[in-house]
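Okay, structure first, notes after.
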Amino acid sequence: MANQIPIREAPLAAGGYLLPVEQGEILTNGMLQEAGAIALAGDKRATSATKTQFTIWLGAPTAGFVGEGAPKPVTGAEFGQTVLNVKKVASIILFTDEMIEDVQAGDLNVLVDSGVRSAINDVIDAHAIGQDSGVPIASAFDTALAQSTTTVEYDQTKGDGLQLAVSKAMGILEGNGYGNEAQMGVLTGAGWAQLIRDARSTLDPAAPVYGPGRDPLYGLASFTSTNLAPANAAPGANKIVGFVVHRPNLHVRIRKDVTVATSTEATVNDGTADRKLFQEDLTAVRYETRLAFMVHDLNRAVVKIIDAA
């Protein structure tokens, strides 16, 4: 069953993306955790506000020896404030009455759910990263991973090029005071898992570079995103292979999980023309969610792995 109108991103000012009521329970069951950059975040919470202000820790603490009764030094770190602004993402799909009558509810759930999950997750992930399918975009969120100015280069001529890049990025985080590997994470694009499996030694073409017991990502939590350049993409100035991040610095606030509303009497513009639902025997189903995403200490807590050479 084809949808009458394909899922597409609408202007943010218009509330984003318009699907029957039976989809709601499926979509609200942890759907937002599936998006790559959202899953990568180490600080995910619910919020009841449209703007959230909270305390963050800036810098690295210092300490030193002092004499008895001598003044104690003040640490070089301090508390600061940051703000997350909640954004709305939504989707509208139209169904004819005949579609709803002719298709079993369970089949409709499966067919629609897959498309809606993909559309909503993809647009959230793209704006959290700052890239849409490898192409830079202006993020609607307060910050995006791609805005970090800290980079390391991936050398695709080396079988262990990804491992070396991840290690170098980890070294940068460690030097910035974010040295706890248990709190680091890696986000890469499509195809990197196969590249890791297929990598072979230049000295012995039959020997895998990453054999048993050798993890190219050093045991770090690993996630993937289709909005990063795939492993087989040609090098380029804007090609971001992945990110190594200190996950607690990535903050997500969910104001409202995915909710659903339907109408058979409204007039809905499909981007080309007004559709009169009652007159055309249509049902409009609207899904929407509200959430915030931001990264504090962006340039020290997020390292981009690029392939521009």
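The values are calculated or read from the model by the stated rules, or taken from the named source; none is laboratory data. Predicted model, so just to flag it, every value in this text is computed and none were measured. Cβ sites come from the backbone with ideal geometry, for glycine too, and all protein chains shown count toward neighbours.
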Note on Val285: of the conditions (1) within 26 Å of Val123 (Cβ to Cβ); (2) surrounded by 21 or more Cβ atoms within 10 Å (Cβ to Cβ); (3) modelled with pLDDT of 80 or more, unmet is (3)
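Identify, please: which residue in segment 236-270 is part of a strand (DSSP E or B) and either more than 26 Å from Ile137 (Cα to Cα) or among the aromatic types (Phe, Trp, Tyr) (or both) and is, among those, modelled with the highest pLDDT?
Quick first cut of segment 236-270, residues part of a strand (DSSP E or B) only: 240-246, 250-263, 267-269.
Add one more test, that the residue is either more than 26 Å from Ile137 (Cα to Cα) or among the aromatic types (Phe, Trp, Tyr) (or both), and what stays is 243, 259-263, 267-268.
Numbers: Phe243: 96, Thr259: 69, Val260: 71, Ala261: 74, Thr262: 75, Ser263: 79, Thr267: 86, Val268: 83.
The residue in question is Phe243.
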In segment 53-76, the residues that are over 40 Å from the mean Cα position of the chain (by Cα) and either surrounded by 10 or more Cβ atoms within 10 Å (Cβ to Cβ) or at pLDDT below 70 (or both): Val66, Pro73
Could you tell me whether segment 118-126 includes any residue that is modelled with pLDDT under 90 and surrounded by fewer than 17 Cβ atoms within 10 Å (Cβ to Cβ)? yes
